[in-house]
Each structure stands twice: as C-alpha cells, then as structure tokens.
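Working notes for the structure below.
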C-alpha cells in the first residue's frame, strides 16, 4: 500500500507539467502574437503593393519581419492541421468503438463507485487491454480478454486507475498538448515537458488505484497487459518499445516498489539551451519587427 | 472483417490455426489443400506481404525468406487493433502501452505480485 503521507495541496507532477506547458506556450506566444499580427499585415501589404523585391531592399531591414511573419503563418498552419487531424481521429474512433462495444453491466456498481457509471464499455478482443478516450465525456474501454482473465481485484485496480484519467480529463489534455507541440515545434524543451505530463499523470493514476486496492492487484493488472501472449512469445517486445514508454513504465514500477513518486526526469540542458536560444531569437525578431512597424506608421502619418 | 479480402481472410485463418510462424510455402500448402485451381506461390507471397503492411502480420527472417505470424489472436482483435492503429492520432490514454516491456520490467512486476503483503488479489468488488 502506498503510504498516505501529508496532504499536499500541490498539483501532481503530471498536471504541473501540463499547466507549465500551457503557460509557457501562451506566455511566449502571447508576447510574439501581439507584435506578430501587425507584422503579418505590414509584410502582406508590402508584398501586395510593391512585390517580393521590396522585402529585400533597404539592406535587409524587412528580413526579421518577413521571417517572423513566415513563422507565425507556418506554425498556425501546423497547429490547425494537427487539431483537425486529432478531432477527426477522435470522432472516427468514437464511432468505430460505438459499433464494437457494449456496456459493462456486471461491474456497473463498481464503476459507479469511481464515478464511472455508464461510462465503462467492453470491446471484443482477445488481447488484454484498457484505455480511456473521449474529449468531453471520457469513457473507459476494457477488452473482453482482460475482463475474462483478470480477477475482480485487478479489474477494480484498472477501473480506479482509469477513473483518475477520466476525472482529470486526460484525453482532452493530451489533445491540447498535441496541438501546442505541433505549433511550437521549434522549441524542443516543450516536447520533454509534454512527456513529463504523460508520465506524471500515469503515476498519479497509479497512486489513486493503489490507494483503493493496494499494490498487488495493480501490479498484477500491469503484468497481465504487458506479458506477451503465447502466440507473440517469439517477438522481442523490447525492440518495439519507444524510449519514453519504457521510461514511464520503469517509473511506475519504481513507484510501486518504493511507495513514493520517483523524481521526474530533468529536462536535458541541451534541449533547454536550444529552446531558450530559439525563443530569444524569435522574440528579438518580434521586437525588431515592431520597431519597424512603428517607424512605418510614423512615416505614414 | 474490416478491410480484408477473401484470400486475405483465408490466409489469416490458416495463420490463426497454426501454433508457430509459417513460411509462404507452408501457408501456400495449407491453402491449396482444398482448393482448385491451385494458388500460385507469388500470389500468396503478395497477400502475406500486404497483410504485413496492414499490420495484421509480423514477419521474421527464416532461411532465405520470411516466416509470418498474426499480430492479433482473432478477427475481432484484428479489427480493434486496426481501428486503434488507424486512429492513433486520437487522444487516447492507455492503461499501459502493450508493446515495450523488457524482461527486467516483467520480472520486477512479478516480484511485486508475489511479495506484496496484506492485500489479497481475490477480494470481491
């Protein structure tokens, strides 16, 4: 059992990382956007009235403004594409799952205990797995393979874990993180922050599950889902693992072993340095462009 | 089954019935047992390669060619897997990523299951 410990009013490390990501992106972006909107207009106007040659005249005076405008347009584009793709994928997945799942009646009283009444569905598949999806009303999906093979205590552990994701609206947060990353793709430290968000949420959900039913059912459920079935025993599973998944799993097992959350992975200094450098460059371009816009306005008056 | 043709379905059924990965030749022989006219080797090879591309099979080198085995254990699992693979962009939070446990992680989990004191794994809900 994970010791309760003193009650902290702080957010768990996953949500801390998520809100840090949101604040970092909107803070930085807000600053750049105020200047950027005027810059996009001015650059656009110059392009229309004078033609592309005008941007290179004046000793490259317009160059930072042009680059900033290009960056703003490009990143808004990538974020838009990402958002559209994620929303489409979410809608299709919901439709497909609706056709393939049925409500999980026998466990509805248990589900209700975790605030999941009517939100747990079962999908026909031999592999044992469970996940939470749905942006506005998150739902939990269990496979028939898991329901059939897992003892009741393990299913309770899985439901407790997933209910933590539902309560925190993690699918929606995942989508927001995806879109923010797609927009600020040139700041590599944010990607690291995002994986810390995912790992931190998993650890928090594990703590919620262990507090309800102890370590053993949770470890058992993890093992049941992870252990390769007999027909897959010939494949080296480790070869298919992505690094971040392996690190998250390692942290989850360590938390079960030690009873406390392992310290989050620090952002590598290299990423931090590169991101700061790029952010400073973009801000410098924005300030430079703003001064240019101001000068042009003064001249027009 | 979602997105599979008749020959692909037949090949999948052969592989689901088998206990081990099969080579193209083995799949061909089993498909041709009750079939007239017989299928050509290259036809089956193409079908298996296409199934591997769709994520329904994985292949491993064996001799001069490949041996194939299904990634899922039955048609329903394959359908669900293809839905999840196809819409991997959607915001999903999995209980745990299925692929990717190294033997050491599994050993540590097994130790936790065996040694956790106090709580019985069979507590009814």
**Study point:** Residue among A:45, A:97, A:56, A:83 that is at pLDDT 85 or above and either within 12 Å of chain B (Cβ to nearest Cβ) or exposed (fewer than 13 other Cβ atoms within 10 Å of the Cβ) (or both)
**Key:** A:83
Practice item. Can you confirm whether segment A:163-181 contains a residue that is out of contact with any helix residue (DSSP H, G or I) (no Cβ under 8 Å at 6 or more places or on another chain), facing chain B (nearest Cβ under 8 Å), surrounded by fewer than 22 Cβ atoms within 10 Å (Cβ to Cβ) and within 30 Å of residue A:32 (Cβ to Cβ)? Key: yes
Check your understanding: Could you say whether any residue in segment B:3-24 is touching a strand residue (DSSP E or B) at 6+ places or on another chain (Cβ under 9 Å), away from every other protein chain (no Cβ under 14 Å) and more than 30 Å from residue A:124 (Cα to Cα)?
Key -> no
Practice item. Scan segment B:39-63 for residues that are modelled with pLDDT under 90, over 30 Å from residue B:87 (Cβ atoms) and in a loop (DSSP other than H, G, I, E, B) and jot them down. Key: B:63
Study note, to complete from the structure: All conditions in (1) within 23 Å of the chain's Cα centre (by Cα); (2) surrounded by 18 or more Cβ atoms within 10 Å (Cβ to Cβ); (3) assigned to a helix (DSSP H, G or I); (4) within 14 Å of chain B (Cβ to nearest Cβ) are true of residue A:111 except (1)
Practice item. Looking only at segment A:121-153, count how many residues are more than 7 Å from chain B (Cβ to nearest Cβ), touching a residue at least 40 places away in the same chain (Cβ under 8 Å) and either assigned to a loop (DSSP other than H, G, I, E, B) or more than 23 Å from the chain's Cα centre (by Cα) (or both). Key: 6
Exercise for review: Residue by residue through segment A:182-192, note down the ones that are touching a helix residue (DSSP H, G or I) at 6+ places or on another chain (Cβ under 6 Å) and not in a helix (DSSP H, G or I).
Suggested key: A:184, A:186, A:187
Exercise for review: Scan (1) at the interface with chain B (Cβ under 7 Å from one of its Cβ atoms); (2) assigned to a helix (DSSP H, G or I); (3) modelled with pLDDT under 90 for the single condition residue A:195 breaks and write down its number.
Suggested key: (1)
Check your understanding: How many residues are under 21 Å from residue A:212 (Cβ atoms) and touching a residue at least 24 places away in the same chain (Cβ under 8 Å) if we restrict to segment A:88-120?
Key -> 9
Practice item. Confirm whether residue A:70 is at pLDDT below 90 and within 30 Å of residue A:288 (Cα to Cα). Key: yes
Check your understanding: So which of B:84, B:78 ends up being assigned to a helix (DSSP H, G or I), at pLDDT below 75 and closer than 12 Å to residue B:16 by Cβ?
Key -> B:78
Practice item. For residue A:279, work out the one condition from (1) surrounded by fewer than 16 Cβ atoms within 10 Å (Cβ to Cβ); (2) under 22 Å from the mean Cα position of the chain (by Cα); (3) modelled with pLDDT under 90 it doesn't fulfil. Key: (1)
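The values are calculated or read from the model by the stated rules, or taken from the named source; none is laboratory data. Note that this is a predicted model, so its numbers are computed, not measured. Glycine gets a Cβ as well: all are built from the backbone with ideal geometry, and neighbour counts include every protein chain shown.
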